[in-house]
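The block underneath contains the structure these notes are about, expressed in structure tokens.
Readers should treat all values here as calculations from the given coordinates under stated rules, not as data from a laboratory. If you're wondering where the values come from, they're calculated on a predicted model, not measured in any experiment. Positions of Cβ are backbone-derived with ideal geometry, glycine not excepted, and every protein chain shown enters the neighbour counts.
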Amino acid sequence: MTKLEQVLSGWNFRKIAAGCLIALLIAAIGASAAAAIVFRDRISFAWQYSRASETAEKDDRSDLQNEIDRLASSSPDVADILILDSGNHVVYSAKKSQFGNGILTLAKGGEGNSYLVCDRFADVVFKYVRSRDFMFASVFNQDFGSIREEYENGSFYESGFSGKTIYLLSYIGEKSGGMKIYVISSPTSVPGGTLTLKICACIAMLFFMIFWVLLALWTYQDAAKAKLCPLCWGIIVLLTNIVGVIVYQIYKRGSAVCPACGASQNRMNRYCFNCGEKLAESCPQCGGPISKKDRFCPRCGKQIKS
Ligand SMILES: [Zn+2]
Ligand SMILES: [Zn+2]
């Protein structure tokens, strides 16, 4: 018995797995609670955004203005939320910003025409973001930093486009009559948000690694019990994880297991090679192996009395 086998023989993997699962559950609850606290404003903003989208589909203007006001005040990142008619006239502005009156006609412009510009606001470009991406981006703000960076890199050599303020622009529903709702924002990072996400990722990674190593150790212990090569199977599972476990189980299924010592062996064995335990009955006539279900010897055809 190797030293590792000695150590592992004392381990109860069922208890260890149960302990890990409870620890994982506690860590998951703790991490989600921490994330919910850190991102609470963003989550409520995303929720408010989806409510405003739903209201936009109905035809009640005063309800829509209330929802839009609520959405605008739920995050300081919102520069303005505008309702435009079919002629691009701003008919409602939640924050009465610079974009809040007159006509707002957007055209493609900027680096590679992948931004939107308006003649009236020479120092501003908008990056259009689809509603679903926008909600996700406003919770985590992962995209905005890279959008800004992309714009700055792209517009660096292009005269007339550098040094402008870039806003995200998303588009809520389209009401009958060509009405449009623009949400214009300039997302900032959540304080401590990146750190919280990194810690959550580290915890998840840690549990994943524990699970990975435990699976290899369990296979090592099991293979040692079955008198198979524990080091070979342990390494296979360490390298391939669950795939190795499945292959190991299939391999074990194909062989007989001694009920006394647990050694895995050839199905044709009548006595255990490890402890000498009788594994199969033998035919009284030819001595061939027979199983409990056999009514006749499969080798010589002798009838077997139960
Ligand atoms: Zn045995
Ligand atoms: Zn026989």
Practice item. Give me Glu152, Glu54 ranked fewest to most by other Cβ atoms within 10 Å of their Cβ, as a rough exposure proxy. Key: Glu54, Glu152
Point to revise | FRET E, pair Ser62, Asn88, Förster distance 22 Å, beta-carbon r, rounded to 0.05 | key: 0.50
Study note, to complete from the structure: Of the DSSP H helices in the chain, the ones reaching 27 Å or more along their long axis in Cα terms and averaging at least 0.5 in Kyte-Doolittle hydropathy are 13-38, 193-225
Review point. Hey, got the dipole for the range 1-115? About the Cα centre, +1 on K and R Cβ, -1 on D and E Cβ, debye to the nearest 20?
Key: 700
Check your understanding: Just Ile250, Ile172, Ile236 to compare: in a GNM of the chain, with alpha carbon springs under 10 Å, which one fluctuates most?
Key -> Ile250
Exercise for review: Please express the shape of the range 1-129 as an equivalent ellipsoid: the semi-axes are the square roots of 5 times the eigenvalues of the C-alpha gyration tensor, given largest first in whole angstrom.
Suggested key: 54, 20, 12
Review point. Can you give the longest stretch of the chain with no exposed loop site, where a site means chymotrypsin sites (Phe, Trp or Tyr not before Pro) in a DSSP loop (not H, G, I, E or B) with at most 16 other C-beta atoms within 10 Å?
Key: 12-155
Point to revise | FRET efficiency, 1/(1 + (r/R0)^6) with R0 35 Å, evaluated for Leu21 and Thr194 via beta carbons | key: 0.75
Review point. Under a no-solvent Debye model with one identical scatterer per Cα of the range 243-306, what's log10 I(q)/I(0) at q = 0.11, 0.17, 0.21, 0.23 Å⁻¹?
Key: -0.32, -0.66, -0.85, -0.93
Exercise for review: State which entries of Lys58/Lys108; Lys225/Lys302; Lys227/Lys292; Lys15/Lys292; Lys225/Lys292 exceed 32 angstrom in Cα-Cα distance in the structure shown.
Suggested key: Lys225/Lys302; Lys15/Lys292
**Study point:** Estimated inter-spin distance, Arg14 and Arg51, nm [label 7 Å along Cα→Cβ]
**Key:** 5.0
**Study point:** Relative exposure of Val213, Val90, judged by other C-beta atoms within 10 Å (fewest first)
**Key:** Val213, Val90
Practice item. Grab the other residues whose beta carbon is less than 15 angstrom from that of Tyr248, score K and R as +1, D and E as -1, and report the net. Key: +3
Practice item. State the extension gain, in nm to one decimal, for the chain segment bounded by Arg40 and Glu5, taking 0.36 nm per residue of separation less the distance between their alpha-carbons. Key: 7.7 nm
